[in-house]
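*Asks:* Pasting a structure below so you can have a look.
The values are calculated or read from the model by the stated rules, or taken from the named source; none is laboratory data. It should be emphasised that the depicted structure is a prediction, and the values quoted were computed from it without experimental measurement. Positions of Cβ are generated from backbone atoms using ideal geometry, with glycine treated the same way; all protein chains shown enter the neighbour counts.
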Amino acid sequence: MEASGKSFFESLNEEVTLAVIKDSADIEAAQQPEEISTEPLPTGAVFHTTNYDQFKTITANREVDNTHAHKLAAAIKVRNWLHIKPIDVTKDFEVIDGQHRLEAARLLGVPIYYRITEELKEEDIAILNANNKNWKGADYLNYWTVKGKAPYIELSRFIKHHPKFSLSTAQELVSGNDSNKHVDFRAGNFQGGYYLRAIEVAEFLEKILQITKFEYGYETRFVRAINHCVLYVEGFKQEVFLHKIALQPNSVVRCVNHKQYLEMLETLYNYKTNHENRIRFFK
């Protein structure tokens, strides 16, 4: 019998009971949801979390490519480098850069590292990605279209109705020139204004291709030649040209540059035409 009046087994049972109570309290505390601080987080600092749902996607950002996200997840599973390259978010947790890393972390259930930058705004998405090879021209087109920039809306509409044109060729038609720089396009400085004219050229070209079945008809240099004919050749009549190429549809062949195309198209247009009625496509 112990001095306290308790037997050895009674004392041991009491110690075990207290230990179980303590462990249960620890477990219960660990299971409680983490308190969300109302204090503003310091900008520029790097944090990590598995609460992926706190982050917000931005409509204007490019869509998440699930294939790319799974490839990232596979690479991260081999070597987790997410702490080295945190995602960038606004103070409202809108993801400006890193949505594929966020999705990869979600797939693996590992913490995502993020950095809050007070100065970042939704408008900075395209600028941050201007030199990022992962963003393609179509991503910038989508971004600025969603942002409501009229020239980009016109370009998107043109491509929707004439999807066989490459983005760069469509840019030339809708802008009226071939001098739009890629950096300007990415930064939101694309200038349009020639949408209706671009539609006219596109529809005329498609009529030509229906007759000739020319497989290189959407190449930029051929499109430039057709555009030149419609806009700059004095006396050029579309219906006359369509009639002439219908007489010899196989005469439309691939050329090295748009000047050679113009020479070929001039020959076709003047086929069986009196010398005094012939027109020149360039000087």
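*Asks:* Kindly indicate whether any position in region 93-101 is surrounded by fewer than 18 Cβ atoms within 10 Å (Cβ to Cβ), modelled with pLDDT under 95, touching a strand residue (DSSP E or B) at 6+ places or on another chain (Cβ under 8 Å) and not hydroxyl-bearing (S, T, Y). Before the answer, list the steps.
*Replies:* Here is the first cut: in region 93-101, the residues surrounded by fewer than 18 Cβ atoms within 10 Å (Cβ to Cβ) are 93-94.
Those still in the list that are modelled with pLDDT under 95 too: 93-94.
Then keep just the ones that are touching a strand residue (DSSP E or B) at 6+ places or on another chain (Cβ under 8 Å); that gives 93-94.
Next, from what is left, pick out any that are not hydroxyl-bearing (S, T, Y): 93-94.
Yes, because at least one residue in region 93-101 is surrounded by fewer than 18 Cβ atoms within 10 Å (Cβ to Cβ), modelled with pLDDT under 95, touching a strand residue (DSSP E or B) at 6+ places or on another chain (Cβ under 8 Å) and not hydroxyl-bearing (S, T, Y).
*Asks:* Can I ask one more? Spot the failing condition for F158; the list is (1) under 24 Å from H243 (Cβ atoms); (2) surrounded by 20 or more Cβ atoms within 10 Å (Cβ to Cβ); (3) touching a residue at least 24 places away in the same chain (Cβ under 8 Å), and only one is missed.
*Replies:* (1)
*Asks:* Let me confirm something: among V252, V230, V223, V174, which residue is on the phi < 0 side of the Ramachandran plot and in the same structural domain as G148 (by TED's automatic domain parsing)?
*Replies:* Working: V252 fails: in the same structural domain as G148 (by TED's automatic domain parsing); V230 fails: in the same structural domain as G148 (by TED's automatic domain parsing); V223 fails: in the same structural domain as G148 (by TED's automatic domain parsing).
After applying the criteria, what remains is V174.
*Asks:* Select from region 224-267 the residues that are of a type in the set (A, V, I, L, M) and over 29 Å from L167 (Cβ atoms) and list them in ascending order. Step through it out loud before you land on a result.
*Replies:* Here is the first cut: in region 224-267, the residues of a type in the set (A, V, I, L, M) are 225-226, 230-231, 233, 240, 242, 245-247, 252-253, 256, 262, 264-265.
The answer is V240, A246, L247.
*Asks:* Output the residues belonging to region 238-247 that are surrounded by 13 or more Cβ atoms within 10 Å (Cβ to Cβ) and free of Cβ contacts under 8 Å to residues at least 24 places away in the same chain.
*Replies:* Of everything in region 238-247, just one residue is surrounded by 13 or more Cβ atoms within 10 Å (Cβ to Cβ) and free of Cβ contacts under 8 Å to residues at least 24 places away in the same chain, namely H243.
*Asks:* Output the residues belonging to region 200-234 that are in contact (Cβ under 8 Å) with a residue 12 or more places away in the chain, more than 19 Å from F158 (Cα to Cα) and outside any helix (DSSP H, G or I).
*Replies:* Correct list: K213, F214, Y216, V233, E234.
*Asks:* Within region 260-276, is there a residue that is within 42 Å of the chain's Cα centre (by Cα), of a type in the set (K, R) and in the same structural domain as E200 (by TED's automatic domain parsing)?
*Replies:* Scanning region 260-276, I find no residue that is within 42 Å of the chain's Cα centre (by Cα), of a type in the set (K, R) and in the same structural domain as E200 (by TED's automatic domain parsing), so the answer is no.
*Asks:* Of the residues in region 72-123, how many are β-branched (V, I, T) and either on the phi > 0 side of the Ramachandran plot or under 22 Å from the mean Cα position of the chain (by Cα) (or both)? It would help to see each step written out before you state the result.
*Replies:* Start the filter on region 72-123 by keeping residues that are β-branched (V, I, T), which leaves 76, 78, 84, 87, 89-90, 95-96, 110, 112, 116-117.
Those left that are additionally either on the phi > 0 side of the Ramachandran plot or under 22 Å from the mean Cα position of the chain (by Cα) (or both): 87, 89-90, 95-96.
So the answer is 5.
*Asks:* So which pairs qualify, if the first residue must be in region 57-71 and over 13 Å from I87 (Cβ atoms), the second must be modelled with pLDDT of 80 or more and surrounded by fewer than 14 Cβ atoms within 10 Å (Cβ to Cβ), the Cβ gap must be under 6 Å, and the two must be at least 6 apart or on different chains?
*Replies:* Note: no pairs meet the criteria.
To keep it simple, each residue is scored yes or no on (1) surrounded by 14 or more Cβ atoms within 10 Å (Cβ to Cβ); (2) farther than 24 Å from Q54 by Cβ; (3) at pLDDT 85 or above.
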residue: L82; (1), (2), (3): yes, no, yes
residue: P86; (1), (2), (3): yes, no, yes
residue: V89; (1), (2), (3): yes, no, yes
residue: T117; (1), (2), (3): yes, no, no
residue: N132; (1), (2), (3): no, yes, no
residue: W135; (1), (2), (3): yes, yes, no
residue: D139; (1), (2), (3): yes, yes, no
residue: Y143; (1), (2), (3): yes, no, no
